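Report on one structure; see the data block that follows.
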Amino acid sequence: MSSNSFPDGQPDPAGQATNIWLRVDPRHNPLISKKLGLAVGELRKDIEKEGAEIRSNNRLNLNRYGVEMAIIKMWSQRIEEHANKCCDIFCHHWKLLGHQKTSFFVTVVLENYLLPHIEQLGGTAARHADLVYRRGGSVGKSLSSCYQSSAQSVCKKLKEKLNIEAMELNLIATSIKTLETPAHPGERENAAEKLVPVLDSKSVPKTGRPHSKLTETRRQIIRRVAGTGVEGKEYCDALRAAGLRTSIEWQKSENCPKEFPDAYAHSDPIQRKKWRKRISDEKYKATCKQVHSPKLYTRS
């Protein structure tokens with residue numbers, strides 16, 4: 001594994017990378033292997049179905065090369081969606097094992113599975129295109145190189161996306177570590193005071209049910225993430241990276257998406273506005289200060 005693939009040029013400790021991959025390697029993990037196999041099956045069905053629809057809709061089109069290029073474009077989009085689904089499978093399993101997604105984990109999965117898998121899919125599609133070309137009497141132009149180029153393009157986009165995510169996770173981890181381990185005595189208290197203002201005796205309610213341990217743990221995570229200074233979409237991404245999901249009550253009673261980024265970017269404008277306000281309100285309650293950032297309400 002190349003050391004240049006890790007954020008800030010930091011080499012990956014070989015032992016840590018090996019340990020991570022051994023725990024999620026599909027060759028030794030039946031659960032992940034089965035999920036990935038199902039994902040590949042769904043991918044093939046979708047590509048075959050949409051490819052047939054494109055050919056059917058263009059059966060009178062004399063530009064056969066243009067029709068096939070439309071199919072390749074569709075293929076590229078489905079491969080990209082498939083790669084993101086595979087990444088989610090690994091991340092979900094890692095969470096089930098009791099771990100948080102880190103920059104090391106993202107890069108290990110990217111280089112050990114995602115990139116080789118996409119290249120393999122591209123090679124398979126290229127061989128199939130070449131076979132069709134030869135069966136057709138080698139008339140026209142073989143599209144095998146187009147599939148290989150598309151696979152390389154998907155690899156490049158995915159690598160850029162996950163490298164950015166790895167750097168963000170690294171930044172979040174560094175920021176939280178700084179808050180938790182101050183350099184000088186007494187700095188911990190100063191950091192905590194900046195993050196969560198101390199309530200005086202007059203502002204503390206004398207009645208009411210105390211917060212549950214689960215609620216307090218949730219608010220501690222929100223305070224830590226809020227303390228890094230991220231807002232809007234970046235704040236929601238950071239909550240997901242910290243292993244936090246939207247309120248169970250929201251999910252059950254109002255069908256809220258489980259992940260904060262999905263709720264923040266809801267396709268329905270009305271729902272999107274509602275969930276952004278809920279996220280902002282929860283942040284406000286956890287940090288005990290006004291945090292209604294304009295970024296939470298930016299139209300997208």
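No value in this document is a laboratory result; all are computed from the given coordinates. Just so you know, these numbers come straight off a predicted model, no measurement behind them. Glycine also receives a Cβ, built like all others from the backbone with ideal geometry; neighbour counts cover every protein chain displayed.
Given region 86-163 reduced to its alpha-carbon atoms as identical point scatterers, what log10 I(q)/I(0) does the Debye formula return at q = 0.27 Å⁻¹?
-1.16
What ranking of 31, 115, 96, 244 emerges when the number of other C-beta atoms within 10 Å of each C-beta is taken as an exposure proxy, fewest first?
Working: 31 12, 115 20, 96 9, 244 17.
Ranking 31, 115, 96, 244 by Cβ neighbours within 10 Å, fewest first, gives 96, 31, 244, 115.
Have a look at region 3-179 and give its Rg and Dmax from the Cα atoms, expressed in angstrom.
Calculated on Cα positions, Rg and Dmax stand at 19.3, 68 Å.
Quick one: if the Förster radius is 25 Å, what FRET efficiency do residue 284 and residue 174 give, using the C-beta to C-beta distance and rounding to 0.05?
Details: r = 26 Å, r/R0 = 1.02.
With a Förster radius of 25 Å, E is 0.45.
Based on alpha-carbon centroids, what's the gap between region 33-65 and region 104-135 in Å, whole number please?
Cα centroid of region 33-65 versus Cα centroid of region 104-135: 16 Å apart.
Give me P(r) over region 211-297, computed from all C-alpha to C-alpha distances, binned every 10 Å, as integer percentages.
Cα pair-distance distribution for region 211-297, in percent: 18, 56, 25, 1.
So for 102, 217, fewest C-beta neighbours within 10 Å to most, what's the order? Can you show the working numbers first?
Working: 102 18, 217 12.
With the sparsest Cβ surroundings first, the list reads 217, 102.
Pull out the extension gain between residue 99 and residue 27, defined as 0.36 nm times the separation in residues minus the alpha carbon to alpha carbon distance; nm, one decimal. Intermediate values should be presented prior to the final figure.
On the way: separation 72, 0.36 × 72 = 25.92 nm, distance 2.05 nm.
Full extension from residue 99 to residue 27 adds 23.9 nm.
Grab the other residues whose beta carbon is less than 9 angstrom from that of residue 93, score K and R as +1, D and E as -1, and report the net. Before the final figure, lay out each step's value.
On the way: positive: 23, 35, 95; negative: none.
Surrounding charge for residue 93 is +3.
For residue 34 and residue 253 in one chain, what is 0.36 nm times their gap in residues minus the Cα-Cα distance, to one decimal in nm?
75.6 nm
Given 0.36 nm per residue, what is the gain on full extension from residue 145 to residue 273 after removing their alpha carbon distance, in nm? Don't skip to the end; give the middle numbers.
On the way: separation 128, 0.36 × 128 = 46.08 nm, distance 4.52 nm.
Stretched out fully, the residue 145 to residue 273 stretch lengthens by 41.6 nm.
Dipole of region 211-297 (Lys/Arg Cβ +1, Asp/Glu Cβ -1, origin at the Cα centre): which of 266, 236, 287 lies farthest to the positive side?
Of the listed residues, the answer is 287.
What ranking of 113, 133, 235 emerges when the number of other C-beta atoms within 10 Å of each C-beta is taken as an exposure proxy, fewest first? Walk me through the intermediate numbers first.
On the way: 113 21, 133 16, 235 24.
Ascending number of Cβ neighbours within 10 Å: 133, 113, 235.
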